[in-house]
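Below you'll find the structure, written out as structure tokens, and then a few comments.
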Amino acid sequence: MTAAHKFPDMTPEETHNTPFFYKRLAEAFEKAKRHCAYDIESLGKLGEFDLFFCAPKKIDPAKKNILISGGFHGEEPAGSWGIVHFLETATAEELNSANLFFMPLVNPTGFNVNRRHNDWDEDPNQGFSGADGKKPSREGQILVDHLDRLLKAAADGFLTLHEDSDMKQSYLWTYEDASKPGPVTDGLLKVLGEHFPIFSGDMPNRGVVVDIKDGIGFNVFDNSFESMLVKLGVPYSATPETPAHPDMPIGERVRCQRDVIAAFVKLRK
Ligand SMILES: [Zn+2]
């Protein structure tokens, strides 16, 4: 769908290095400034690292608001790097067709050591339902403390970039206010299929098994952050899962995540 953008394969030392990632993120926002200038703000500290929220300096009320996050799980780096790659390569139209807000790395302590959980052994994408007795992680509490702003940023859609470290195939979780998947889900699945084979079958998810039909887990409500946002009124949410099995090179996964971001913006603008 989009022209191939080069993103080089990185070494594991570069891939999982939070200070290096934040340096490259700052450079990417500097490059994107010619199309759209951003304010980069820390929502809170996790150990020595910040959890950043990035908002356009000029927010156009006539445009839709879309929130894009990466790195809830520290062993799933391609989403965060996909945001860097998107900022480095985005056209003026891609960056300006909606008000795009970013949380590029939610779990910087886990990312830094290639570990799913944070430094306190908490899963940053659990504890948001209130029903299962689990509490949000430190990261999750920071997000909850800023929930009004995040809901405004995600008013027209939330894209949360994940990977599956067991998989060599790709799939997608989506929420739409509909009884079956619509054009947003179909459009994102098409992009995943341009990069990887698509998974169908049983997928364990938080204590239950979900039937992933032709790559799609649809309207599966659980204790995730995205599930909470949808319950609070966000009309569309998508969670692409690129294949992060050790055999799968990081570069292709990052290019796929970059194309998913561009597609989501186009489908929701
Ligand atoms: Zn994940």
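Observations on the structure shown:
- Spans of strands (runs of 3 or more DSSP E) in the range 162-245 with at least 3 residues touching a Lys or Arg at 6+ places or on another chain (Cβ under 8 Å): 236-243
- Boolean, Ser227 is of a type in the set (S, T, N, Q) and either within 24 Å of Ser137 (Cβ to Cβ) or within 16 Å of the ligand (Cβ to nearest atom) (or both): yes
One line per residue, one yes/no per condition, for (1) surrounded by fewer than 19 Cβ atoms within 10 Å (Cβ to Cβ); (2) touching a Gly at 6+ places or on another chain (Cβ under 8 Å); (3) more than 24 Å from Lys266 (Cα to Cα):
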position	(1), (2), (3)
Ser170	no, yes, no
Thr174	no, yes, no
Gly182	yes, no, no
Asp186	yes, no, no
Leu189	no, yes, no
Glu194	yes, no, no
Ile198	yes, yes, no
Asp211	yes, yes, yes
Asn223	no, yes, yes
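- Any hit, the range 28-44, residues being small (Gly, Ala, Ser), closer than 20 Å to Arg149 by Cβ and part of a loop (DSSP other than H, G, I, E, B): yes
Each row is one residue, and each column tells you yes or no for (1) within 16 Å of the ligand (Cβ to nearest atom); (2) of a type in the set (Ser, Thr, Tyr); (3) closer than 18 Å to Glu241 by Cβ; (4) surrounded by 23 or more Cβ atoms within 10 Å (Cβ to Cβ).
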{"position": "Gly71", "(1), (2), (3), (4)": "yes, no, yes, yes"}
{"position": "Val84", "(1), (2), (3), (4)": "no, no, no, yes"}
{"position": "Glu88", "(1), (2), (3), (4)": "no, no, no, no"}
{"position": "Thr91", "(1), (2), (3), (4)": "no, yes, no, no"}
{"position": "Asn107", "(1), (2), (3), (4)": "yes, no, yes, yes"}
{"position": "Gly127", "(1), (2), (3), (4)": "yes, no, no, no"}
{"position": "Gly133", "(1), (2), (3), (4)": "no, no, no, no"}
{"position": "Ser137", "(1), (2), (3), (4)": "yes, yes, no, yes"}
{"position": "Thr160", "(1), (2), (3), (4)": "yes, yes, yes, yes"}
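- Cβ-Cβ under 7 Å pairs, at least 6 apart or on other chains, the range 41-63 side touching a residue at least 24 places away in the same chain (Cβ under 8 Å), far side buried (at least 19 other Cβ atoms within 10 Å of the Cβ) and acidic (Asp, Glu): Leu46/Glu139; Leu51/Glu139
- Of all residues in the range 13-31, those that are under 17 Å from Cys54 (Cα atoms) have Cβ atoms under 7 Å from Cβ atoms of residues that are at pLDDT 95 or above and of a type in the set (Ser, Thr, Tyr), 6 or more apart or on another chain, in Phe21/Ser80; Phe29/Tyr38.
The values are calculated or read from the model by the stated rules, or taken from the named source; none is laboratory data. Given the structure is predicted, the values throughout are model-derived calculations rather than measurements. Positions of Cβ are backbone-derived with ideal geometry, glycine not excepted, and every protein chain shown enters the neighbour counts.
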